[in-house]
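Here the structure is laid out as C-alpha cells; the discussion comes afterwards.
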Amino acid sequence: MADQIRYDDQVIVITGAGNGLGKQYAKFFASRGAKVVVNDLGGNAFGKDKDGKGESKVADQVVKEITNAGGVAVPNYDAVQNGDKIIKTAIDSFGRIDVLINNAGILRDVTLRNMTDADWDIIMDVHVHGAMKTARAAWPFFKKQKHGKVINTSSSSGLFGNFGQANYAAAKMAQVGFTETLAKEGAKYNIHCNVLAPGAASRLTQTVWAPEMMEVMKPDWVVPLVGVLVHSSCNESGSIFEAAAGHFSKIRWERSKGFLARPDDSLTADLILRNHDKIVDFSEAEHPNGTADMITLLEKAMALP
Ligand code: NAD
C-alpha cells in the first residue's frame with residue numbers, strides 16, 4: 001500500500017512483548033520495517049497455583065514469528081527493573097534506539113486491608129521502577145540524536161481507581177506524572193512522551209472480563225494508536241490516551257474556576273464552607289497543564305482587594 005505508515009530503520013524497544021499487547025506491537029512494527037527488541041522475562045500468569053516468576057522464553061517465540069515473516073527482531077530476557085540491560089541490547093544489536101514502549105506489567109489484586117508489603121512493592125517495582133530504568137537508559141541516546149518517542153502504559157484503574165487494585169492503580173497513575181515530566185524535560189530535544197491507557201483481552205484481563213467482552217477487545221485494536229503516537233510525523237507529547245475495542249480518546253485535567261480568597265486572616269474554614277459550591281462548580285472549567293498555571297492563580301489571590 002503506497003500510503004502505508006512505516007518505521008524503516010527505526011529501532012523500537014518493547015517491554016513485556018512476549019504476550020498480549022506487547023506482542024502485537026512487536027509484530028506490527030516489525031511488519032512495517034522497524035528493528036524490534038522483544039523484551040520479556042517470560043513470567044507465568046500470577047494466580048492460585050502460579051507465582052508470576054519467569055518460566056519460558058516467550059520473547060524467543062515472538063522473535064521467531066517476526067523473523068519467519070521476514071522481519072528483524074532480537075529477544076531480551078531481562079526484567080524491566082534492569083531496564084539499562086534492555087536498552088543495551090538495542091544498542092549492541094542495532095546501534096541505536098528511536099522508540100521505547102514501556103508495556104511490561106503484572107497484577108497483584110488485593111484489597112488494601114489484605115495487602116502485604118510484598119504485594120505493593122512488586123507492583124511499584126515492575127511498573128514504576130521498571131519504566132524509569134528503561135527511560136533513563138534510553139534518554140542519552142534520544143537527547144544526542146534529538147529524536148525519541150516514549151509510550152508509558154497506564155490503565156483506567158490508575159486514572160479512575162478500581163476496587164482491589166490500590167497497588168496497581170497507584171503505579172499506573174505514577175505513569176502519568178512520570179510521562180508529563182519526561183515530556184517537559186524532553187521537549188527541547190524533540191523527545192515525545194505519551195501515556196496510554198489500553199483495554200485488551202489478554203491473560204491480564206481474562207479473569208476479570210466476561211468471554212463476550214474478551215471477544216471484542218482484541219489487542220490488535222489498540223496497536224494503531226500506538227503506531228501513530230510513535231511515528232516521526234506525530235508531535236503529540238505529554239498526553240494521555242485511551243484505546244480499546246475501536247474506541248480512541250484523549251484524557252486531560254480539568255480545574256474548576258474555583259474560589260479565590262485573600263491569603264490572610266479572613267481565610268477561614270467558614271469562608272470555604274460558604275463558597276464550597278464555587279470550588280466544585282465545573283461550569284467555567286480550565287484545562288491546566290503546568291505548575292505555572294497555579295502560580296498565576298496564587299498571584300491573583302494575593303492581588304485581591
Ligand atoms: P500480558 O500479561 O498479556 O503481558 C504482559 C507481559 O509483561 C508478559 O508477557 C510478562 O511476562 C511481561 N512482564 C511482566 N513483568 C515483567 C518484567 N518485570 N520485565 C519484563 N517483562 C515483564 O498483559 P497485557 O494485558 O498485554 O498488558 C500490557 C500492559 O498494558 C501492562 O502494563 C498492563 O498493566 C497494561 N494494561 C492492560 C490492560 C488490558 O486490558 N489488557 C488494561 C490496562 C492496562
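Reported count of residues in the range 61-80, each being assigned to a helix (DSSP H, G or I) and buried (at least 16 other Cβ atoms within 10 Å of the Cβ), is 6. Among the residues examined, VAL228 does not qualify as in a helix (DSSP H, G or I), touching a residue at least 60 places away in the same chain (Cβ under 8 Å) and touching a strand residue (DSSP E or B) at 6+ places or on another chain (Cβ under 7 Å). Here is a check on your reading of the model: is LEU112 away from the ligand (no atom under 12 Å from the Cβ) and touching a residue at least 60 places away in the same chain (Cβ under 8 Å)? For LEU112, the condition - away from the ligand (no atom under 12 Å from the Cβ) and touching a residue at least 60 places away in the same chain (Cβ under 8 Å) - is not met.
On the basis of being of a type in the set (Gly, Ala, Ser), free of Cβ contacts under 8 Å to residues at least 60 places away in the same chain and touching a Phe, Trp or Tyr at 6+ places or on another chain (Cβ under 8 Å), does SER249 make the cut?
Yes; evaluated as a whole, the condition is true for this residue.
For the range 88-109, the criterion of being part of a helix (DSSP H, G or I), basic (Lys, Arg), surrounded by fewer than 17 Cβ atoms within 10 Å (Cβ to Cβ) and over 23 Å from the mean Cα position of the chain (by Cα) is met by none of the residues. Under the condition of being under 16 Å from the mean Cα position of the chain (by Cα) and of a type in the set (Ser, Thr, Tyr), which residue from the range 8-39 is nearest to the ligand (Cβ to nearest atom)? Among those residues, the one meeting the criterion is THR15.
Within the range 237-250, the only residue that satisfies the criterion of being buried (at least 16 other Cβ atoms within 10 Å of the Cβ) and over 13 Å from the mean Cα position of the chain (by Cα) is ALA244. If you go through the range 141-157 and pick out every residue that is part of a helix (DSSP H, G or I) and touching a residue at least 60 places away in the same chain (Cβ under 8 Å), you end up with 1.
Matching residues to (1) in contact with a Pro (Cβ under 7 Å, 6 or more places away or on another chain); (2) part of a loop (DSSP other than H, G, I, E, B); (3) more than 30 Å from GLN4 (Cβ to Cβ):
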position: ARG203; (1), (2), (3): no, yes, yes
position: THR207; (1), (2), (3): no, yes, yes
position: ASP220; (1), (2), (3): no, no, no
position: SER237; (1), (2), (3): no, yes, no
position: PHE241; (1), (2), (3): no, no, no
position: SER249; (1), (2), (3): no, no, no
position: GLY258; (1), (2), (3): no, yes, yes
position: ASP265; (1), (2), (3): no, yes, yes
position: ASP293; (1), (2), (3): no, no, yes
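In the range 142-157, is there at least one residue being surrounded by 20 or more Cβ atoms within 10 Å (Cβ to Cβ) and more than 17 Å from the chain's Cα centre (by Cα)? Yes - at least one qualifying residue is present in the range 142-157.
Return the residues of the range 194-206 that are under 19 Å from HIS127 (Cβ atoms) and more than 7 Å from the ligand (Cβ to nearest atom); say none if nothing qualifies.
ASN194, VAL195, LEU196
Here's the yes/no breakdown for (1) within 29 Å of LEU100 (Cα to Cα); (2) touching a Leu at 6+ places or on another chain (Cβ under 6 Å); (3) modelled with pLDDT under 95:
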site	(1), (2), (3)
SER233	yes, no, no
SER249	yes, no, no
SER266	no, no, no
ALA269	no, no, no
LEU273	no, no, no
HIS276	no, no, no
MET302	no, no, yes
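Per the conditions (1) surrounded by 16 or more Cβ atoms within 10 Å (Cβ to Cβ); (2) in contact with a helix residue (DSSP H, G or I) (Cβ under 6 Å, 6 or more places away or on another chain); (3) hydroxyl-bearing (Ser, Thr, Tyr), the sole criterion not satisfied by TYR189 is (1). Here LYS64 meets the list (1) more than 9 Å from the ligand (Cβ to nearest atom); (2) modelled with pLDDT under 95 almost entirely, failing just condition (2).
Taking the listed residues SER249, SER237, the one that is touching a Cys at 6+ places or on another chain (Cβ under 7 Å) and either away from the ligand (no atom under 11 Å from the Cβ) or farther than 18 Å from LEU21 by Cα (or both) is SER237, with no other qualifying.
Per-residue answers, yes or no, for (1) within 15 Å of the ligand (Cβ to nearest atom); (2) of a type in the set (Gly, Ala, Ser):
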{"residue": "ALA171", "(1), (2)": "yes, yes"}
{"residue": "PHE178", "(1), (2)": "yes, no"}
{"residue": "THR181", "(1), (2)": "no, no"}
{"residue": "LYS184", "(1), (2)": "no, no"}
{"residue": "ASN190", "(1), (2)": "no, no"}
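Within the range 158-186, work out how many residues are assigned to a helix (DSSP H, G or I), surrounded by 17 or more Cβ atoms within 10 Å (Cβ to Cβ) and not acidic (Asp, Glu). Adding up the residues that qualify gives 18.
The values are calculated or read from the model by the stated rules, or taken from the named source; none is laboratory data. Note that the structure is predicted; figures quoted are calculated from it, not measured. For neighbour counting, all protein chains shown are included, and Cβ atoms are generated from backbone atoms with ideal geometry for every residue, glycine included.
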